[in-house]
Structures are given as C-alpha cells and as structure tokens.
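Step one of this worksheet: look at the structure below.
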Amino acid sequence: MQAGIRTEQLRKVYTTPPPVGGQTRGAFSGARRGKGGRKPAYEVAALDGVSLEVRPAEIFGLLGPNGAGKSTTVGVLTTRIKPTAGRAWIGDFNVWERRVDVKRLIGVVPQRPNLDFALTAREVLTFHGAYFGLSSAERNARADALLDQFKLTDRANQLLHGFSGGMMQRLSIARAMMHDPDVLFLDEPSAGLDPQTRLLLSDMVREYNSRGKTILLTTHNMEEADTLCHRVAIIDHGKVIALGTPQELKRSIPGGFLVRVQFMSAPDGLVDALRALEGVTEVRVGQDGQVDVYADHGGSLIPALVSAASASNATIRDMHISEPSLENLFLHHTGRSLRD
Amino acid sequence: MNFTTFWAMLSRDAHVARRNFVTLASQTLLQPMMFVFVFGRVMTTSGLMAEQYKALLLPGIIALSMVFTGTWAVAMPLLAEFQFTREIEDRLLAPMEMEWLAVEKVVAGMVQALVSGLIVIPMSWVVMGGVTLSADHLTLFFTLAVLVSLLASSIGLALGCSVGQQHIGLMFSMVLAPMIFFGCTYYPWQALSAFPILKRLVLVNPLVYASEGFRSALVPAFPHLSRAVIVVSLFAFDALFLAVGLRQFKRKALT
C-alpha cells in the first residue's frame, strides 16, 4: 500500500519549553502552569498554519534553518506532538484521531537518536520488530539484513554505549525500516554524519523510495534537498514560504544568480545605477552597505558592476557570486542565510 | 489495546531485568539484608533485643523491599527515558495507545516487586537464623503482595514522571527515606502510641499499610491495624498513585 501525507493549517504554540536542547523540566513542573485566564509566561508559535501535501511514493524535503518548525511538523505527523490547531493525515488516517493506525504506517528517524540503551544493536531491531508484531523468524531475518546493509554486523551484539554518533544514526534508520513502513520520516538524517555515511544514507533513501515508499526528510543542507528530493518546501518561522521541485524553486529566484556586494558606503544613486545594468532583475539593500544584486548571469556582470560603483564613488569591500541554488532562494525569501 | 505489542514490551523489560539482575538486586536488597543482619541477628543474639523482634521485623522488611524495588524499577528507567534523548519515544512510537505503555511499565514493576518480596523471605530467614511465621492467612498474604506491588510501581510511575533528573537525590532524601523510616517497617504501628501526633501523621504513608498488612498475615499474634482498614487503604492508595502516575505520564509523553 502507498500512503501520502497531508496537513491542513497546522498550528503549534508551545506554552512550556519543549523537552529538547538539554532543557529539563523541574520537579512537579505540571503544577506551575498558568492557571485560569492568565496568559502563560512562555509562548512560542512553532507552526503557524502549515498546509502541505506529500504524494505517495514521493521524496519530500522540508528545508529551513534551525527553529523553523521542521521538527515540530515531523513531531505532529508522527503522533508525538499534539497540534494546537489544524489537521493532518497519513494515508487515510487522521493523525491525531487514529494514532495507533498511523504508527503502524510510519517509521521515524528522530533528530537525536532515541535508541533503547538497555539493549544491544541487534536487540534494538528485533524488539522493535516484536512491538510491530513481526514473527520471530521474520524479525531475525530482517534484523540481520539491515545490520548488514548499514554495516553494523560486527557490532550487532554490543550495547550502544560505545557507539559513535554515526553508528547510532545508522541504527536509528535501520530501526525505522525494520517494520517496513509505508511512510518514512527522517529528521535531519545527515547531521553529524561523515561524507561516506551520507552517501550510504542517500543510497538507502533512494532504494527505499524505489519500492513505492513515501519519504519526508528535513534538512538545512541545500545539496541534500537538491539532489535527493522530488519536491521541497521551504519553511521559516512556522510557515511554508516556497514549494516545488528543486528546479522550479531555483528558477523562481529572480535572475537566479546572486551577487552580494559589500560597499564601504552606498551612495544614493548607486542602487538605481545597479538596477539599470543589463541582466539585473532585482536589487536589495541590506544593512551596513550590503547590497544583493539578482541577475541572470554571474561573473560577466562584475565589470559593469564595478564601473557603476566607481561612477557613483562607491568603494567595494567584498563581493561574492552564488549560482542558482536553494540557498539563494531561501535568502531571497527571508533575507537570511540558512545558516544564520 | 494491542496485546502483541504489550507482550513484546513486557518481554523487553524482562530481558533487561534479567541482564541487570545482579545490579538491581544489590541496589534494592543489600540494604534491607544488612538491616536484617544487624537488628535481626546481631542485636538479638547479643541479647540487646528480644528474640521476638525477628518475627516483627520480617514483614516490615518484605514491605520495604517490595516498595523500594517496585518504585525503583519503574521510576529510574522512566527518569532516564524522559531525558534529553527522549528514549521513551522508542516505545511511544510502537502501535499501542500510550496509556498502555505506562500500564506495561507498572506491570513490569509489579513483577519485580513481587520477586523481590518473595526472595526476601528465605533470605531473611537464613540471615536471622530462623523465624516463626504463620501460614494461616496465605490468601490474605498473596492479596496484599499484589496490592503492595501495584502500590510500589504506581508510586514509581508517579515519581518517575514528575521528578526531574536533577532532583533524584532529593527524591530519595525527601520522599523515600521518610517513607521508609515512618512506614512502620522496623516497628509496629502500636509502638508509636507514646507519640500520638506522629502516630496519626504516619497514616498518610502508604508503606504503613503494607508493613502492617504483612504483619497481620504472617505474625497475626502481634498488634496490627485492622485488616479491613489495611486492604481498603491499599486499594485507595493504589488507585490514587495510578491515576496521578497515568496523568503525569501522558503530560510528559506528549508535547
């Protein structure tokens, strides 16, 4: 069976700090919540009306900086976070109303490995299989195959304490695939992986997708989204700000190329002079003499740009050309770099 | 409710408990056994305490070991699993309603509490060098054992889902230690008659009913609280801690 994902105006407002980033709640913290009509002291809107549709058998990417709402979206879709408003479906099941049915359909690789530390690598997989009702023969066979696929066979019977981050990440992915779910969620799967493992991961994701499985991954890595995903949604401050195939999205940036120029000072006439240059589609003025020039060509624009600058008595301090990329797209929509 | 998943999780817990048996047993049984040795053997043999004290001490030690083991077995893993890594989600994502995960943890804790209670009897018997117990109220004894083990793991659930990792030390010194010392484990409730206020105050401590209960079943000749009061109170405490524990669990499991 193939299953897609759909969300409708998802909103999530945290009124207590989410249990991430090493924060721990104090003793009996439940009692300290704001009572009655008082507004809670802490309020953060992580999702602000996210509507998405991921088609069955699609590799879909959620791209955005840290804190954009990617993990919260995944949290809601995987039944772990209760949305403040809005609805979501996995296949035909409403995520909040049919949680058990949804859990059967999904496999989840969380941002931080939440593996069972009391077990060995092999047992992590076999017990996971048992929770999902696989027969003993089935789960042993699958565990062995996955351990081999993810190059963990030689550590199969060890407890996880000595495992490196990369090994735990691989085991997390193997665990998520153990019950052969129709929809696989990967939250920042390549964070902290070495390039070799990253390649292995991409291959595994493509291979899994080729069997008709739907994959939703979150990332702040442009290349990953660009090369792996069929479609990408760019998300920032809990809102979807752009959606489409990587090619469509890149084409949507005015001009495509971005020349970011840092002037010592930007005199008044300069921006108009830059706008008048051939091939320039948009000029944006930032702070401290930073000017973003969007154009349909890159390097060949520089001589004209330099002459225009010297004609306006502007001194260039730094200049950077970037080719059409999702990074530029993000910059275009938010005015911030993905790594900010 | 998905019985396959529930059962698989119980076998996971059994597997982990078997692997950690020695650590677990020394954590929860060593201290009561030393107490049994010092007070039940050294003090009685030397004549500083009456020979009868052995029989009075043993039911209290059973109650203490069961409550301590059950609470520990549920609370400690929960405390760790709700931490930073959210290990709990490994099981929350299994195809079962999340309340049942809490119930599963309670059942696993009950089994461990029962095992520890049953181990303590022969161990204490050997350490103290023979104790006379009555076998006339075995049904009552086993009923109490189930109620006390449920009490222990429900307390563990409530504590494990309410206390932050940084407060574990405090949990021991502020909650478990007073519970043990004012739980009529080392003395019968009657012995508090000289302290009328304390005698009433300790009645909020569920361990009192566990100790007095086992005393009424195993050494009925000694003074003890009425059996009806004991059973009703244990039921009430079980319901209370289970309800609080489930509520806290749901609150912590969902964000």
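For the reader, a short list of remarks on this structure follows.
- Residue check, A:VAL261 touching a residue at least 24 places away in the same chain (Cβ under 8 Å), in a strand (DSSP E or B) and either under 28 Å from the mean Cα position of the chain (by Cα) or crowded, with 17+ Cβ neighbours inside 10 Å (or both): yes
- Residues being of a type in the set (A, V, I, L, M), surrounded by 13 or more Cβ atoms within 10 Å (Cβ to Cβ) and not in a strand (DSSP E or B) - total across segment A:284-340: 12
- Qualifying residue in segment A:209-219 (condition: modelled with pLDDT under 90 and within 14 Å of the chain's Cα centre (by Cα)): yes
- The helices (runs of 4 or more DSSP H) found entirely in segment A:53-134 that carry 2 or more residues being touching a Gly at 6+ places or on another chain (Cβ under 9 Å) and farther than 26 Å from A:LEU193 by Cα are A:99-105.
- Only a single criterion out of (1) farther than 30 Å from A:PRO189 by Cα; (2) part of a strand (DSSP E or B) is not satisfied by A:VAL240, namely (1).
- Scan of segment B:160-216 for residues that are under 30 Å from B:ALA253 (Cβ atoms), among the hydrophobic types (A, V, I, L, M, F, W, C) and in contact with a helix residue (DSSP H, G or I) (Cβ under 8 Å, 6 or more places away or on another chain), ordered by number: B:CYS161, B:VAL163, B:ILE168, B:MET171, B:VAL175, B:LEU176, B:MET179, B:ILE180, B:LEU207, B:ALA210
- Hits in segment B:93-139 - residues which are more than 30 Å from A:VAL76 (Cβ to Cβ) and touching a Lys or Arg at 6+ places or on another chain (Cβ under 7 Å): B:VAL127, B:MET128, B:GLY129, B:VAL131
- The single condition among (1) surrounded by fewer than 15 Cβ atoms within 10 Å (Cβ to Cβ); (2) touching a residue at least 12 places away in the same chain (Cβ under 8 Å) that B:SER149 does not satisfy is (1).
- Restricting segment B:64-83 to residues that are within 14 Å of chain A (Cβ to nearest Cβ) and either in a loop (DSSP other than H, G, I, E, B) or not aliphatic (A, V, I, L, M) (or both) leaves a set whose member that is surrounded by the fewest Cβ atoms within 10 Å (Cβ to Cβ) is B:GLN83.
- Residue ID - farthest from A:LEU301 (Cα to Cα), chosen from residues in segment A:271-283 that are part of a helix (DSSP H, G or I) and in contact (Cβ under 8 Å) with a residue 12 or more places away in the chain: A:VAL271
- Residue that is nearest to the other protein chains (Cβ to nearest Cβ) [pool: residues in segment B:50-63 that are within 17 Å of B:SER216 (Cβ to Cβ) and of a type in the set (Gly, Ala, Ser)]: B:ALA63
- Per-region count, segment B:84-111, residues under 17 Å from B:LEU144 (Cα atoms) and within 14 Å of another protein chain (Cβ to nearest Cβ): 0
- Test: residue in segment B:128-144 that is buried (at least 18 other Cβ atoms within 10 Å of the Cβ), within 22 Å of B:PRO178 (Cβ to Cβ), more than 14 Å from chain A (Cβ to nearest Cβ) and of a type in the set (Val, Ile, Thr): no
- Within segment A:5-20, none of the residues are hydroxyl-bearing (Ser, Thr, Tyr), in a loop (DSSP other than H, G, I, E, B) and modelled with pLDDT of 90 or more.
- Checked against the criterion of being away from chain B (no Cβ under 13 Å), of a type outside the set (Phe, Trp, Tyr), in contact with a Phe, Trp or Tyr (Cβ under 8 Å, 6 or more places away or on another chain) and surrounded by fewer than 20 Cβ atoms within 10 Å (Cβ to Cβ), segment A:124-141 contains not a single residue that satisfies it.
- Scan segment A:145-154 for residues that are within 30 Å of the chain's Cα centre (by Cα) and in a helix (DSSP H, G or I) and the total you get is 6.
- Residue check, B:ARG91 charged (D, E, K, R), within 28 Å of B:LYS250 (Cα to Cα), surrounded by 18 or more Cβ atoms within 10 Å (Cβ to Cβ) and at pLDDT below 90: no
- Output for segment B:155-168, where each listed residue is within 13 Å of another protein chain (Cβ to nearest Cβ), aliphatic (A, V, I, L, M) and in contact with a Gly (Cβ under 7 Å, 6 or more places away or on another chain): B:ALA158
- Some residue of segment A:85-99 being among the small types (Gly, Ala, Ser), in the same structural domain as A:SER172 (by TED's automatic domain parsing) and touching a helix residue (DSSP H, G or I) at 6+ places or on another chain (Cβ under 7 Å): yes
- Any hit, segment B:194-202, residues being surrounded by fewer than 21 Cβ atoms within 10 Å (Cβ to Cβ) and of a type in the set (Lys, Arg): yes
- Within segment A:148-166, the set of residues being touching a residue at least 24 places away in the same chain (Cβ under 8 Å) and either hydroxyl-bearing (Ser, Thr, Tyr) or under 28 Å from A:PHE60 (Cβ atoms) (or both) comprises A:GLN149, A:PHE150, A:LYS151, A:LEU152, A:GLY165, A:GLY166.
- B:ARG86 passes every criterion in (1) farther than 26 Å from B:VAL208 by Cα; (2) touching a residue at least 12 places away in the same chain (Cβ under 8 Å); (3) basic (Lys, Arg) apart from (2).
- Picking from residues in segment B:169-180 that are surrounded by fewer than 17 Cβ atoms within 10 Å (Cβ to Cβ) and at pLDDT below 90, the one that is farthest from the other protein chains (Cβ to nearest Cβ) is B:ALA177.
- Condition broken by B:ALA25, with the remaining ones in (1) assigned to a helix (DSSP H, G or I); (2) over 30 Å from A:PHE117 (Cα atoms) satisfied: (2)
- Here A:ILE106 passes the criteria (1) without any contact (Cβ under 8 Å) to a residue 24 or more places away in the chain; (2) within 11 Å of another protein chain (Cβ to nearest Cβ); (3) in contact with a strand residue (DSSP E or B) (Cβ under 6 Å, 6 or more places away or on another chain) except the one numbered (1).
- Qualifying positions in segment A:60-103 - aliphatic (A, V, I, L, M) and within 14 Å of chain B (Cβ to nearest Cβ): A:VAL74, A:VAL76, A:LEU77, A:ILE81, A:ILE90, A:VAL95, A:VAL100, A:VAL102
The values are calculated or read from the model by the stated rules, or taken from the named source; none is laboratory data. Bear in mind that the values here come from a model prediction, so they are computed numbers and not experimental data. Ideal geometry is used to build each Cβ from the backbone, glycine not excepted, and the neighbour counts take in all protein chains shown.
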